[in-house]
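Participant: Pasting a structure here, questions to come.
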Amino acid sequence: MTDTNINNTEEKRSLSFVEQIVENDLAEGKNGGRIQTRFPPEPNGYLHIGHAKAICMDFGVAERYNGVCNLRFDDTNPSKEDTEYVDSILQDIQWLGFKWGNVYYASDYFERLWQFAEWLILQGKAYIDEQTSEQIAEQKGTPTQPGTPSPYRDRPIEENMELFHKMNTPEAVEGSMVLRAKLDMANPNMHFRDPIMYRIIHTPHHRTGTTWHAYPMYDFAHGQSDYFEGVTHSICTLEFVPHRPLYDLFVDFLQEKEQQHDYRPRQIEFNRLNMTYTVMSKRKLKALVDEHLVSGWDDPRMPTVCGMRRRGYSPESIRKFIDSIGYTKFDALNDVALLEAAVRDDLNARALRVSAVLDPVKLVITNYPEGKTEEMTAVNNPENEADGTHTITFSRNLWIERDDFMEEAGKKFMRLAPGKEVRLKNGYIIKCCEDHPCDKDADGRVTTIYCTYDPETRSGLPGADRKIKGKTLHWVSADHCRKAEVRIYDRLFNVENPGADDRDFRELLNPQSLTILDNCYVEEYAAEKKAGEYLQFQRIGYFMADADSTADHLVFNKTVGLKDTWSKQNK
């Protein structure tokens, strides 16, 4: 047992079942007390939050037990893979706060896998099948009916070897033949019914070019790659449970070939992350991008790690959310509101408070001198004194939120109305004029509100203690602010579980998932902030400058509101 193993009973109860297995293996001295995990993404798309859960487990176990977690790209299908995806995966893992021990590729082992396949052929445990994919699928049978042997199953070893080498030539026709393991066509586990090990693909590989024309299947490459690298715990999601016996069998064969039996990787499965109003299928996410139903893989509505980063989620909030839902052996549908709550809680501690008005209406303080300005002190973050303060300019003409004023208001309306007082954040107490509270346009829409201020009530002065019934409103100076575009996001899908819906997922998209407000105003301090800096627009929510934002055209994304109003609206 290493020093990092936990002996405290209370902490032991908080361990995931995966960590308990790891601790038991350490206690039994398996693999010489060594811990090595891996995160093995296929570079055929961008990582999403489901991958983030696996990342937290794979890297987290290695960190907790003084082990190492390697990153291995499962690049065995060149027709779907690209260096763009490799680069994005590297960036996302680093952003989440993890460091890998080494970077490997399944393609690093193509030669060793080929030699292993040749050995299986020589042992009479693999053969070349020239049936079509449809014929192979049909003769595999069903879970309740055994399969029927391929007519090519008993080919001579020499012929199998000759055809296997032919598969790896430019002349080989894609789909004309495959290499299959000769196992058990009557096995109740369908994965044992002579699984395909190699197929022909002529698409150039992003690393090996046209060196190879025959590529290993995932089930053949995965366990062997774990073995070659010395992985002790191969942690994956529940859909791989029926694959585990085949994983173990191929490792058995490889140990027989290598004549080595003192080490073997162990596969452990946990539940994948599913969220409401979200799809996690890479195929569907890629379709959304390719069909321009979203702006790209990093569209802030997407469940991708890069989309969440662009929207303004912090890596810490994602990790806290994943930790809160835990790891089990039962699939569940997690409420996206839980993720948003974790984001909200985390950003409350780190976001800088700034002033912004999203639906502006002019406010004129009639007794404030024209041309006069004052610099008001604003606390950057009340949760962290070390974040300091900044100044915001106050003047006669301000912008406030339109719904902070009501011309005919009831007693329970605590914001600005004729004869009512409110406090302006970091500023003064103001009172709405009663004789002429506002101007309107020809359509009856309020264009300007008029009020007076009490000069003795500036924040920080003794008069600031005067009690009023009205609320505190945020504002920006009309002459000292910047215009901005603000993008408001809602759920990407209209149904709670689009992944389980029989309809085409495109029909389930929420047409109101993006609202663009192009007449917003932010204080100058906020205009200086860049993508990656967490902001709270006071009284509104959490925001971040978008990657599209420029000095001439400011763009902010709404990350999450201050409260979970969406759930209440949809009960």
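The values are calculated or read from the model by the stated rules, or taken from the named source; none is laboratory data. What you see is a predicted model, and the numbers here were worked out from it, not measured in a lab. With ideal geometry, Cβ positions are generated from the backbone for all residues, glycine too; neighbour counts draw on all protein chains shown. These area figures cover heavy atoms from the full protein model, side chains too; ligands, DNA and RNA do not enter into them. Shrake-Rupley method; radii C 1.70, N 1.55, O 1.52, S 1.80 Å.
Participant: Looking only at segment 188-217, count every residue that is more than 27 Å from F73 (Cβ to Cβ) and either over 38 Å from the mean Cα position of the chain (by Cα) or basic (K, R) (or both) and tell me the total.
Facilitator: Residues that pass the stated criteria total 1.
Participant: Tell me which residues, restricted to segment 74-118, are closer than 15 Å to I55 by Cβ, open to solvent by less than 70 Å² (accessible area, probe 1.4 Å), touching a residue at least 60 places away in the same chain (Cβ under 8 Å) and assigned to a helix (DSSP H, G or I).
Facilitator: The answer is S88, D92, W95.
Participant: Checking the condition outside any strand (DSSP E or B), out of contact with any strand residue (DSSP E or B) (no Cβ under 8 Å at 6 or more places or on another chain) and farther than 24 Å from N44 by Cβ, which residue from L183, L163 passes?
Facilitator: L183
Participant: Same structure again: Looking at (1) part of a loop (DSSP other than H, G, I, E, B); (2) open to solvent by 60 Å² or more (accessible area, probe 1.4 Å), which is the one condition that is false for G532?
Facilitator: Against the list (1) part of a loop (DSSP other than H, G, I, E, B); (2) open to solvent by 60 Å² or more (accessible area, probe 1.4 Å), G532 comes up short only on (2).
Participant: Return yes or no: is D479 within 28 Å of P382 (Cβ to Cβ), surrounded by fewer than 16 Cβ atoms within 10 Å (Cβ to Cβ) and touching a strand residue (DSSP E or B) at 6+ places or on another chain (Cβ under 7 Å)?
Facilitator: Criteria met by D479.
Participant: Shifting gears a bit: Just to be sure, is I21 open to solvent by less than 20 Å² (accessible area, probe 1.4 Å) and modelled with pLDDT of 95 or more?
Facilitator: Considered against the rule, which asks whether it is open to solvent by less than 20 Å² (accessible area, probe 1.4 Å) and modelled with pLDDT of 95 or more, I21 comes out as no.
Participant: Give me the helices (runs of 4 or more DSSP H) completely within segment 261-376, filtered to those with at least 1 residues that are closer than 22 Å to L554 by Cα and in contact with an Asp or Glu (Cβ under 7 Å, 6 or more places away or on another chain), ordered by residue number.
Facilitator: Here the list reads 305-311.
Participant: Still on this structure, I have one more. Tell me, which residue of segment 254-281 that is of a type in the set (F, W, Y) and crowded, with 19+ Cβ neighbours inside 10 Å is farthest from H51 (Cα to Cα)?
Facilitator: Y277
Participant: Moving to a separate point now. Filter segment 27-41 down to the residues that are touching a helix residue (DSSP H, G or I) at 6+ places or on another chain (Cβ under 8 Å) and at pLDDT below 95 and list them by number.
Facilitator: N31, G33
Participant: Anything in segment 482-496 that is open to solvent by less than 40 Å² (accessible area, probe 1.4 Å) and assigned to a loop (DSSP other than H, G, I, E, B)? List them, or say none.
Facilitator: R491, L492, V495
Participant: Going by what's in this entry, would N187 be described as open to solvent by 10 Å² or more (accessible area, probe 1.4 Å) and at pLDDT 95 or above?
Facilitator: yes
Participant: Go through segment 315-347 and give me each residue that's under 20 Å from P382 (Cβ atoms), open to solvent by less than 50 Å² (accessible area, probe 1.4 Å) and without any contact (Cβ under 8 Å) to a residue 40 or more places away in the chain.
Facilitator: Residues satisfying the conditions are S317, D346.
Participant: Within segment 386-404, is even one residue surrounded by 16 or more Cβ atoms within 10 Å (Cβ to Cβ), at pLDDT 95 or above and more than 46 Å from the chain's Cα centre (by Cα)?
Facilitator: Checked against the condition, which is being surrounded by 16 or more Cβ atoms within 10 Å (Cβ to Cβ), at pLDDT 95 or above and more than 46 Å from the chain's Cα centre (by Cα), segment 386-404 yields no hits at all.
Participant: Only residues in segment 266-294 that are touching a residue at least 60 places away in the same chain (Cβ under 8 Å) count as the first member; pair them with residues that are part of a strand (DSSP E or B) and small (G, A, S), Cβ under 7 angstrom, at least 6 apart or cross-chain, and list the lot.
Facilitator: R266/S234
Participant: Looking only at segment 27-45, how many residues end up being free of Cβ contacts under 8 Å to residues at least 60 places away in the same chain and surrounded by 21 or more Cβ atoms within 10 Å (Cβ to Cβ)?
Facilitator: 1
Participant: Additional query: Any idea which of G499, G470, G460, G427 is assigned to a loop (DSSP other than H, G, I, E, B), open to solvent by 40 Å² or more (accessible area, probe 1.4 Å) and touching a strand residue (DSSP E or B) at 6+ places or on another chain (Cβ under 9 Å)?
Facilitator: G460
Participant: Still on this model: Which condition does T559 not pass, out of (1) over 19 Å from M308 (Cα atoms); (2) buried (at least 19 other Cβ atoms within 10 Å of the Cβ); (3) polar (S, T, N, Q), if it passes all the others?
Facilitator: (1)
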